[in-house]
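Enquirer: Got a structure for you, questions after.
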Amino acid sequence: MNLYAVLQAAGMPEVPGEFSVVPQHQVIPRAILAEISDFILCFDRVTAREAWQAAVLRDAPAIVQLRRPEVCFFSAWDFHLPPKGGWQLIEFNDNGSGFIFAAIINALYYEAAGLGQEQRIMAPARLPAFNQHIGDLVKQEARAFFGEFPAGLFLILDDAESLQQGKFRKELQLLCDLLHRRGRRAELGCPAEVRWDGQQLLLKGQAVSFIVNRSTDFFWQSEDFCALRKAYHAGRVYVAPNPFTYATRSDKRLLEWLSLPHWDKELGIGLGERRILSDHVPETHLIRAENVEALAQRKQEFVFKPVHGFAGRGLLDSATVGRARMRRFAKHGEGYVAQKWVPKPSMETDGTPLWPDLRVWAYRGEIYHLSGRASRRPDRLDLTPAGGWLPTYASPQALLNCNRRPLKHAVSGETIGTHISTEVQSSATTGTSMSVR
């Protein structure tokens with residue numbers, strides 16, 4: 001089977017020309033997934049707490065002050081699994097890219113590589129079941145927000161440039177197609193295309209009810225967001241993620257609170273929660289004038305990230321950051337965090353070393369999807385071939401919930417995700433490369 005041709009036939013961009021996929025796989029042991037499940041529940045509990053949110057809102061922009069109930073259905077936690085064991089959260093993404101692409105990759109590689117013969121690998125969701133599950137999550141969110149299923153348009157929103165040239169623009173179309181198959185009116189659009197008439201948000205004359213927000217203008221500061229801001233303040237439209245969810249969950253400055261205990265009393269973080277967080281969130285510091293000297297003395301231990309960065313943009317290694325640069329970050333409000341560097345395991349494909357990571361997708365505490373990426377560099381994300389997205393699977397029986405009640409697709413009964421059981425397996429493993437014609 002020509003894997004690349006099959007991936008493109010399923011709706012992905014040209015592989016590997018536009019979108020690189022590694023013809024190899026990784027298997028995540030059940031012990032690691034069990035711990036990650038507990039961590040995600042802890043993360044959700046802490047970041048939803050009144051004390052946490054009050055601390056975030058204290059100095060937040062005005063757009064953040066409006067508390068919102070939406071929960072993004074494509075939230076993703078990014079982890080590194082160091083070679084010596086364990087795992088560490090690198091960041092949380094409330095608008096993670098690649099969840100549909102990863103489902104296609106996992107399902108079709110599993111078939112092409114004949115992994116059904118591998119007893120140590122749990123079969124991924126078949127694509128119809130995965131799509132059904134995503135549709136069900138959208139339906140659940142819409143009904144929770146409106147009390148009933150809304151009649152208006154479902155808008156998949158992204159910045160104009162991303163809709164034209166972005167690496168994941170075809171994924172947005174796949175999501176739009178998925179909603180069409182569920183009988184929903186859905187369109188792609190950018191912020192400048194919507195209008196507020198005082199009562200409704202409109203796209204091309206159609207009333208918009210539900211917005212899947214992929215924009216990276218996280219606080220909607222551009223004038224293009226004027227209409228959306230008005231609709232949002234009026235409570236007339238569902239938007240996820242939104243400035244409130246970003247500020248309380250995704251902003252990288254929050255990693256400091258998660259990794260260090262100094263603010264636990266104010267934030268309401270308990271001792272058990274602190275153990276989980278400190279074990280799995282690498283030491284992180286928001287760069288301030290008062291900590292520049294201490295960080296400069298230990299700079300080899302850290303990588304430096306912009307607090308509102310995404311997709312690895314603005315990432316700096318320790319060799320390029322000295323005292324003077326850190327002082328500029330602190331003085332001019334160029335928000336950067338210093339995060340303790342966490343190594344990744346290594347693998348090899350066709351003689352090229354690669355370093356894989358793990359992305360875990362969960363909704364309201366339920367893990368439903370795994371994905372991975374293999375970088376050509378150990379210290380940053382470089383997905384040019386031979387690097388790329390990596391088929392990623394759980395070991396058997398990993399995806400069972402705490403009550404041993406599997407989450408099943410309502411029609412087919414296929415188990416596609418949930419909390420994790422606790423049977424122990426020692427470490428993540430990588431599979432051998434398959435031939436791609």
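Enquirer: Which pairs have Cβ atoms under 6 Å, sit 6 or more apart or on different chains, and link a residue in the range 132-159 that is free of Cβ contacts under 8 Å to residues at least 40 places away in the same chain to one that is in a helix (DSSP H, G or I) and open to solvent by less than 20 Å² (accessible area, probe 1.4 Å)?
Expert: That search, which allows pairs on different chains as well, returns Phe149/Ala142.
Enquirer: Being part of a loop (DSSP other than H, G, I, E, B), among the acidic types (Asp, Glu) and open to solvent by 10 Å² or more (accessible area, probe 1.4 Å) is the filter here; which residues of the range 80-120 pass it?
Expert: Initially, the range 80-120 is screened for residues part of a loop (DSSP other than H, G, I, E, B), giving 81-87, 94-98, 113-114, 118-120.
Then drop every residue that is not among the acidic types (Asp, Glu), which leaves 94, 118.
Correct list: Glu118 only.
Enquirer: I'm trying to understand the selection: among the residues of the range 345-355, which are assigned to a strand (DSSP E or B) and either surrounded by fewer than 24 Cβ atoms within 10 Å (Cβ to Cβ) or of a type in the set (Gly, Ala, Ser) (or both)?
Expert: Correct list: Met347, Glu348, Thr349, Thr352, Pro353, Trp355.
Enquirer: Out of the range 139-183, which residues are basic (Lys, Arg), assigned to a helix (DSSP H, G or I) and either within 21 Å of the chain's Cα centre (by Cα) or closer than 18 Å to Phe73 by Cα (or both)? Before you say what the answer is, go through the steps one by one.
Expert: Taking the range 139-183 and keeping what is basic (Lys, Arg), we get 139, 143, 167, 169-170, 181-182.
Of the ones still in play, those that are also assigned to a helix (DSSP H, G or I) are 139, 143, 169-170, 181.
If the condition is that a residue be basic (Lys, Arg), assigned to a helix (DSSP H, G or I) and either within 21 Å of the chain's Cα centre (by Cα) or closer than 18 Å to Phe73 by Cα (or both), then Lys139, Arg143, Arg169, Lys170 are the ones that fit.
Enquirer: Let me ask something else. Take Ile276 and tell me if it is under 27 Å from Glu70 (Cα atoms), part of a loop (DSSP other than H, G, I, E, B), at pLDDT 95 or above and open to solvent by 10 Å² or more (accessible area, probe 1.4 Å).
Expert: no
Enquirer: Same structure, new question: What number of residues within the range 253-272 are open to solvent by 20 Å² or more (accessible area, probe 1.4 Å) and within 22 Å of the chain's Cα centre (by Cα)?
Expert: 2
Enquirer: Further question on the same structure: Could you give every pair whose Cβ atoms fall below 8 Å, whose first residue belongs to the range 191-203 and is at negative phi, and whose second residue is in a loop (DSSP other than H, G, I, E, B) and among the hydroxyl-bearing types (Ser, Thr, Tyr), counting only separations of at least 6 or pairs across chains?
Expert: Sorted first by the residue in the range 191-203, then by its partner, the pairs are Pro191/Ser215; Pro191/Ser222.
Enquirer: Would you pick out the residues in the range 204-232 that are small (Gly, Ala, Ser), in a loop (DSSP other than H, G, I, E, B) and without any contact (Cβ under 8 Å) to a residue 40 or more places away in the chain?
Expert: Scanning the range 204-232 gives Gly205, Ser222.
Enquirer: Determine whether Thr245 is of a type in the set (Val, Ile, Thr), in a loop (DSSP other than H, G, I, E, B) and either open to solvent by 30 Å² or more (accessible area, probe 1.4 Å) or touching a residue at least 40 places away in the same chain (Cβ under 8 Å) (or both). Full working, then the answer.
Expert: Numbers: of a type in the set (Val, Ile, Thr): yes; in a loop (DSSP other than H, G, I, E, B): no; either open to solvent by 30 Å² or more (accessible area, probe 1.4 Å) or touching a residue at least 40 places away in the same chain (Cβ under 8 Å) (or both): yes.
Here the answer is no, as Thr245 does not meet what is asked.
Enquirer: With the requirement that a residue be part of a strand (DSSP E or B) and modelled with pLDDT under 95, what does the range 364-389 give you?
Expert: Of everything in the range 364-389, just one residue is part of a strand (DSSP E or B) and modelled with pLDDT under 95, namely Glu366.
Enquirer: Please indicate, with yes or no, whether at least one residue in the range 38-54 is touching a Phe, Trp or Tyr at 6+ places or on another chain (Cβ under 9 Å), open to solvent by less than 20 Å² (accessible area, probe 1.4 Å) and closer than 30 Å to Asp177 by Cβ.
Expert: yes
Enquirer: Let me ask another. State all residues of the range 371-382 that are open to solvent by 50 Å² or more (accessible area, probe 1.4 Å) and among the aliphatic types (A, V, I, L, M); if no residue qualifies, say none.
Expert: Once the filter is applied, which keeps residues that are open to solvent by 50 Å² or more (accessible area, probe 1.4 Å) and among the aliphatic types (A, V, I, L, M), the range 371-382 yields only Leu381.
Enquirer: Quick one: in the range 233-242, of everything that is open to solvent by 20 Å² or more (accessible area, probe 1.4 Å) and outside any loop (DSSP other than H, G, I, E, B), which residue is nearest to Asp158 (Cα to Cα)? Don't jump to the end; show me each part of the working.
Expert: Of the residues in the range 233-242, the ones open to solvent by 20 Å² or more (accessible area, probe 1.4 Å) are 233-236.
Narrowing the set further to residues that are outside any loop (DSSP other than H, G, I, E, B) leaves 233-234.
Details: His233: 20, Ala234: 21 Å.
Residue satisfying both the conditions and the ranking: His233.
Here's the yes/no breakdown for (1) assigned to a loop (DSSP other than H, G, I, E, B); (2) over 23 Å from Asn131 (Cα atoms):
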| residue | (1), (2) |
| --- | --- |
| Leu7 | no, no |
| Gly17 | yes, yes |
| Val27 | no, no |
| Ala31 | no, yes |
| Asp38 | no, yes |
| Val46 | no, yes |
| Gln53 | no, yes |
| Val56 | no, yes |
| Ala60 | yes, yes |
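Enquirer: When the residues of the range 324-335 are narrowed to those that are outside any helix (DSSP H, G or I) and open to solvent by 30 Å² or more (accessible area, probe 1.4 Å), which ends up modelled with the highest pLDDT? Walk me through how you get there before you give the answer.
Expert: Residues of the range 324-335 that are outside any helix (DSSP H, G or I), as a first pass: 332-335.
Those left that are additionally open to solvent by 30 Å² or more (accessible area, probe 1.4 Å): 332-334.
Details: His332: 69, Gly333: 66, Glu334: 65.
Result: His332.
For every residue, the table says whether it meets (1) open to solvent by 30 Å² or more (accessible area, probe 1.4 Å); (2) at pLDDT below 95; (3) closer than 18 Å to Asn95 by Cα; (4) of a type in the set (Val, Ile, Thr).
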{"residue": "Asp177", "(1), (2), (3), (4)": "yes, no, no, no"}
{"residue": "Arg195", "(1), (2), (3), (4)": "yes, no, no, no"}
{"residue": "Gly198", "(1), (2), (3), (4)": "yes, no, no, no"}
{"residue": "Gly205", "(1), (2), (3), (4)": "yes, no, no, no"}
{"residue": "Ser209", "(1), (2), (3), (4)": "no, no, no, no"}
{"residue": "Val212", "(1), (2), (3), (4)": "no, no, yes, yes"}
{"residue": "Glu223", "(1), (2), (3), (4)": "yes, no, no, no"}
{"residue": "Leu228", "(1), (2), (3), (4)": "no, no, yes, no"}
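The values are calculated or read from the model by the stated rules, or taken from the named source; none is laboratory data. Quick caveat: nothing in here was measured; it's all calculated off a predicted structure. When we count neighbours, we look across all protein chains shown, and the Cβ atoms used for this are built from the backbone with ideal geometry, even at glycine. Areas reflect the complete protein model, heavy atoms only, side chains present, ligands, DNA and RNA absent. Shrake-Rupley method; radii C 1.70, N 1.55, O 1.52, S 1.80 Å.
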